[in-house]
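One structure below.
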Amino acid sequence: NPLTSQLYGGQENGSVTVDTRPTPMTYAVNAKLTGVDANKLLSSISTVKDTVYGVLTANPNVTFATPASGDIVQTLNGTLGLNLANGKIMKLDLVRELSKIGKFGGAGTGAKGYTAISQMSGTFNVHNGVAQTSDLKAALDVGTMAATGTVNLVNQDLNLHVTAVLNKQYSQ
């Protein structure tokens with residue numbers, strides 16, 4: 001402390017504590033990340049690969065261990081505030097799913113295979129790799145979205161209550 005570094009195109013400022021006494025070793029990270037490539041970071045520390053893209057700003061205050069599998073996500077605990085800009089989430093086509101629910105037809109409802117996000121922010125309380133939020137918000141290309149619930153970072157399950165407000169152009 002203090003620790004500053006370049007991290008996947010961005011910056012990290014904060015502190016890291018490494019405890020080598022237990023097996024596996026444990027880490028405590030209290031940091032501020034700015035301008036980080038979200039996909040490169042998540043791909044390097046978890047099984048979430050090629051899924052979340054964009055420029056990440058985050059404030060992790062977390063602890064984790066390094067199990068033999070190398071997948072630290074299942075040991076992740078603490079809090080995380082995040083802001084993702086100019087991004088997308090692959091394997092989740094929220095606009096297509098909303099179109100099915102609302103029985104919208106016409107242009108723009110074709111499957112893209114991802115959700116484009118101009119801005120997303122929220123805070124998460126993480127326990128053993130399961131992140132709970134009550135304030136996740138996102139600006140999409142067709143409106144806005146708010147969500148509460150859990151994101152299982154270990155197996156990538158989502159259990160979210162989502163409220164979407166579609167812009168006039170798309171909803172018509």
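The values are calculated or read from the model by the stated rules, or taken from the named source; none is laboratory data. Everything quoted here is computed from the prediction, not taken from an experiment. Quick reminder, even Gly has a Cβ in these numbers, built from the backbone with ideal geometry, and neighbours come from all protein chains shown. What goes into the accessible areas is simple: the full protein's heavy atoms, side chains included, and nothing from ligands, DNA or RNA. Shrake-Rupley method; radii C 1.70, N 1.55, O 1.52, S 1.80 Å.
Structure values in brief
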| item | result |
| --- | --- |
| When residues of the range 65-89 are limited to those that are open to solvent by 40 Å² or more (accessible area, probe 1.4 Å) and either in contact (Cβ under 8 Å) with a residue 60 or more places away in the chain or within 21 Å of residue 170 (Cβ to Cβ) (or both), the one nearest to the chain's Cα centre (by Cα) | 88 |
| Residue 99 buried (at least 18 other Cβ atoms within 10 Å of the Cβ) and free of Cβ contacts under 8 Å to residues at least 12 places away in the same chain | yes |
| Enumeration of residues in the range 136-157 that are over 21 Å from residue 86 (Cβ atoms) and without any contact (Cβ under 8 Å) to a residue 40 or more places away in the chain | 148, 149, 150, 152, 155, 157 |
| Given (1) touching a Ser or Thr at 6+ places or on another chain (Cβ under 7 Å); (2) farther than 20 Å from residue 139 by Cβ; (3) assigned to a strand (DSSP E or B), number of the condition residue 73 does not satisfy | (3) |
| Residue within the range 26-45 that is at pLDDT below 95, touching a strand residue (DSSP E or B) at 6+ places or on another chain (Cβ under 7 Å), open to solvent by less than 40 Å² (accessible area, probe 1.4 Å) and not in a helix (DSSP H, G or I) present | no |
